[in-house]
Amino acid sequence: MKKVKMFLLVAGSTFLISSCAMVKAPLSGYVYTGVKAPVTATSNSNSSKVGTSQATSVLGWFAFGDASIDAAAKSAGISKIHHVDEQSTSVLGIFATYKVLVYGE
Amino acid sequence: MVNNQSYKWVRLIAPIYLILTLSVSGQNISNKYSSSYQNNGMLYFIFPQNGFNNNKLGSKLDYDITYLTTKDTATLNFSYFEKSNRKIDSIGFFNDVNNITSRVKKIYIETKKQKWHYRYSTQISFIDLNKFFTPTDNAKIILYTKEENITLSIKPSNWNKLASLTKKILTLISSNK
């Protein structure tokens, strides 16, 4: 009985830990992540427009959204991309968001 | 023994609570906007904001703001979600003191699940933008279409938070002009 309880405890903990809402970021914190980082840059000069797209994860169980560069560029009517940044946020592995920011004209 | 254990828990939980409080704090504006240095000034982008909706139509509106410090006008891009197919002509921003109306330009129209997703853009002077983002009780956005005028309202408590936060970002932008 003790072994079964131990097994359930380990299995449950593994499930909970592995199911945390993690987000793509160059640096991540287990309690809180709030990191902005580069994705890419082009040789196009100057930006006058900014577009954004976002995807969200809840508890690592559900993940939804369109965080593509295309969606971000489209949201602001950008046809020439200057550079792309990403912004990752995660709180206690419960809630995580991944934002893409596209700068261009 | 009990006191030691309690103290241990407080020491463990306090930093987590502090981090969460700081990160979720209403007036922490650093993660609400981005800035980028350009040849012709600083380009600011205020991340999408929401809260305006029309309960009768089951519609909602999100918007974001882009502003280049050398220009007089800011670009406000907005997404409007509704079940009906419409053609939006212009947009109005109203509070207790100011009325601002501006023509809109279509970026794209798509369908998303059962609703239409209208993506439009408009230009508003930076001064007018400052006037609109003032904590008041009656902030509303009106979309002018051929069929009817659609009024989108926001809860006063939500608006007070949103307006204060945006005002702080706009003040920061003004300071850097």
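The values are calculated or read from the model by the stated rules, or taken from the named source; none is laboratory data. Everything numeric here is computed off the predicted structure, so don't read it as measured data. Heads up, the Cβs are rebuilt from the backbone with ideal geometry, glycines too, and the neighbour counts pull from every protein chain shown. Note: areas computed on protein heavy atoms with side chains; ligands, DNA, RNA excluded. Shrake-Rupley method; radii C 1.70, N 1.55, O 1.52, S 1.80 Å.
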Does a label point 7 Å from the Cα of B:Glu148, set along Cα-to-beta-carbon, have any residues of region B:75-91 with amide nitrogen under 18 Å, and which are they? B:80-91
Write down the accessible area per residue of the protein assembly as shown in Å², having rolled a 1.4 Å probe over the full set of protein chains. 58 Å²
State the answer as a single residue: which of B:Phe81, B:Pro135, B:Ser125 lies farthest towards the positive end of the charge dipole of region B:61-140, with beta carbon charges of +1 for Lys and Arg and -1 for Asp and Glu, about the Cα centre. B:Phe81
Label-point separation in nm, B:Met42 to B:Lys140, each point 7 Å along Cα→Cβ: 3.6 nm
Structure shown: which of A:Lys80/B:Lys140; B:Lys56/B:Lys168; B:Lys32/B:Lys155 lie over 26 Å apart, alpha-carbon to alpha-carbon? A:Lys80/B:Lys140; B:Lys56/B:Lys168
Tell me whether region A:21-72 comes out rounded, prolate or oblate; compute the Cα gyration tensor, take square roots of the eigenvalues as a ≥ b ≥ c, and use a/c under 1.5 as the rounded threshold. oblate
Using a Cα-Cα cut-off of under 14 Å, which aspartates and glutamates could be cross-linked to B:Lys177, ignoring same-chain neighbours fewer than 8 residues away? B:Asp72
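Taking a cut-off of 18 Å, what percent of all Cα-Cα pairs in region B:63-177 are separated by more than that? Can you show the working numbers first?
Details: 3497 of 6555 pairs.
When every Cα pair of region B:63-177 is considered, 53 percent fall beyond 18 Å.
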For chain A, max minus min Cα coordinate along each principal axis, in Å, sorted largest first? 68, 22, 17
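How big is the Rg/Rh ratio for the protein assembly as shown, C-alpha atoms only, Rh by Kirkwood, two decimals?
1.04
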